[in-house]
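Structure record follows, encoded as structure tokens.
The values are calculated or read from the model by the stated rules, or taken from the named source; none is laboratory data. In this text the structure is predicted, and so the values were computed from the model without any measurement. For neighbour counting, all protein chains shown are included, and Cβ atoms are generated from backbone atoms with ideal geometry for every residue, glycine included. When the accessible area is computed, the model is the full protein with side chains, heavy atoms only, and any ligands, DNA or RNA have been set aside. Shrake-Rupley method; radii C 1.70, N 1.55, O 1.52, S 1.80 Å.
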Amino acid sequence: MRPVDEHILETMRDEGNLTPQAVKNFGVCSRSHASVRLSKLTEYGLVDRIAQGLYRLTDDGRAFLNEELDAGALEPKTE
């Protein structure tokens, strides 16, 4: 996890489903960086990709923000 990841997750909790462009519009980071980080957050199960370029916060993502889940315990999901 990087500091920007928590900011992305907090923005998703506050604003709902987001695209990388929306993350940029909320002033979190650039669109391209948001795209990379959202892909990584998806890999670890903190967000889901629900459509091309559209992401939502998962229950694990909410648990992380509520300090009920330790990011250090997360492992990439394999499919």
Only one residue in 2, 31 is without any contact (Cβ under 8 Å) to a residue 40 or more places away in the chain, out of contact with any His (no Cβ under 9 Å at 6 or more places or on another chain), open to solvent by 70 Å² or more (accessible area, probe 1.4 Å) and closer than 16 Å to residue 69 by Cα, so which one is that?
-> 2
Any residue in segment 47-70 that's at negative phi: show its pairings with residues that are open to solvent by 90 Å² or more (accessible area, probe 1.4 Å) at Cβ separation under 6 Å, as long as the two are six or more apart or on different chains.
-> 48/56; 50/56; 55/49; 57/13; 65/13
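Let's see how each residue does on (1) touching a Gly at 6+ places or on another chain (Cβ under 6 Å); (2) buried (at least 19 other Cβ atoms within 10 Å of the Cβ); (3) in contact (Cβ under 8 Å) with a residue 40 or more places away in the chain; (4) within 18 Å of residue 67 (Cβ to Cβ):
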{"site": "6", "(1), (2), (3), (4)": "no, no, yes, yes"}
{"site": "19", "(1), (2), (3), (4)": "yes, no, no, no"}
{"site": "27", "(1), (2), (3), (4)": "no, no, no, no"}
{"site": "35", "(1), (2), (3), (4)": "no, no, no, no"}
Would you call residue 56 surrounded by fewer than 16 Cβ atoms within 10 Å (Cβ to Cβ), under 18 Å from residue 13 (Cβ atoms) and not small (Gly, Ala, Ser)?
-> yes
Which is under 10 Å from the mean Cα position of the chain (by Cα) and surrounded by 15 or more Cβ atoms within 10 Å (Cβ to Cβ), of 69, 41?
-> 41
